[in-house]
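Colleague: Just dropping this structure here.
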Amino acid sequence: QVQLVESGGGLVPPGGSLRLSCAASEISVRLYTMSWYRQAPGNQRELVASIGTGGRTNYADSVKGRFTISRDNAKNMVDLQMNSLKPEDTAIYYCNAVQVPRRYWGQGTQVTVSS
């Protein structure tokens, strides 16, 4: 059974940093487009960052220059380094894996940016 397990969320003050990790089982992350999405209360789930099988990355405008997505094929994990966090980054962050037509989601990890 495919599993995506997120970790690394928590409470951080504005301007702080967090590193989220997504550990995959039963799939190889190098063969999937891996993404991080987030959903804040009352909002739709939105794409934060993605990394394709060839290594190309894509970021939401709101996180460009602050967030970095990376993939470790040996560990079969995908990370999201988040710097200069803002209160509006508060959300549940979800790991996503796509290899059309397959799509998998993790359970999510809460990120709260507050003083």
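The values are calculated or read from the model by the stated rules, or taken from the named source; none is laboratory data. Predicted model, so just to flag it, every value in this text is computed and none were measured. Backbone-built Cβ (ideal geometry, glycine too); neighbour counts: all protein chains shown. These accessible areas exclude ligands, DNA and RNA; they are computed on the full protein's heavy atoms, side chains included. Shrake-Rupley method; radii C 1.70, N 1.55, O 1.52, S 1.80 Å.
Colleague: Just how large is the dipole of the chain about the Cα centre, in debye to the nearest 20, putting +1 at every Lys and Arg Cβ and -1 at every Asp and Glu Cβ?
Modeller: Charge dipole of the chain: 240 debye, to the nearest 20.
Colleague: On each of the three principal axes of the Cα atoms of the chain, give max minus min coordinate, whole Å, ordered largest first.
Modeller: The Cα atoms of the chain stretch 39, 25, 24 Å along the principal axes, largest first.
Colleague: What is the chain's relative contact order, in percent, from Cα pairs under 8 angstrom and six or more apart in sequence?
Modeller: The value is 37 percent.
Colleague: A follow-up question, please. In square angstrom, what is the accessible area per residue of the chain with a 1.4 angstrom probe?
Modeller: That works out to 54 Å² per residue.
Colleague: Round to a whole angstrom and tell me the spacing of the C-alpha centers of the stretch 28-62 and the stretch 68-115.
Modeller: About 7 Å separates the Cα centre of the stretch 28-62 from the one of the stretch 68-115.
Colleague: Could you look at the stretch 20-115 and say what percent of its accessible area is carbon and sulfur, using a 1.4 Å probe and all protein chains?
Modeller: Taking all protein chains in place, the stretch 20-115 shows 44 percent carbon and sulfur surface.
Colleague: Then there is this: Quick check on the stretch 48-103: take the gyration tensor over C-alpha atoms, sort the square-rooted eigenvalues as a ≥ b ≥ c, and tell me if it's rounded (a/c under 1.5), prolate or oblate.
Modeller: Cα axes put the stretch 48-103 in the prolate bin.
Colleague: Pull out a ≥ b ≥ c, the square roots of the eigenvalues of the alpha-carbon gyration tensor of the stretch 20-70, then state rounded if a/c is under 1.5, prolate if not and a/b is larger than b/c, and oblate in the remaining case.
Modeller: Oblate is the answer for the stretch 20-70, as a/c is 1.5 or above yet b/c matches or exceeds a/b.
Colleague: List, in order, the whole-Hz ³J(HN,Hα) value for each residue of the stretch 93-109 obtained from phi through the Karplus relation with A = 6.51, B = -1.76, C = 1.60 and θ = phi - 60°; use x for Gly and Pro.
Modeller: With coefficients 6.51, -1.76 and 1.60, one gets 9, 10, 8, 9, 10, 10, 9, 3, x, 7, 8, 10, 10, x, 7, x, 9 Hz.
Colleague: Size of the dipole of the stretch 40-101 about the Cα centre, Lys and Arg at +1 and Asp and Glu at -1 on the beta carbon, nothing else charged, in debye to 20?
Modeller: Computed charge dipole of the stretch 40-101: roughly 140 debye.
Colleague: Rounded to the nearest 5, what % of the DSSP beta bridges within the chain are antiparallel ones?
Modeller: Roughly 95 percent of the DSSP beta bridges within the chain come out antiparallel.
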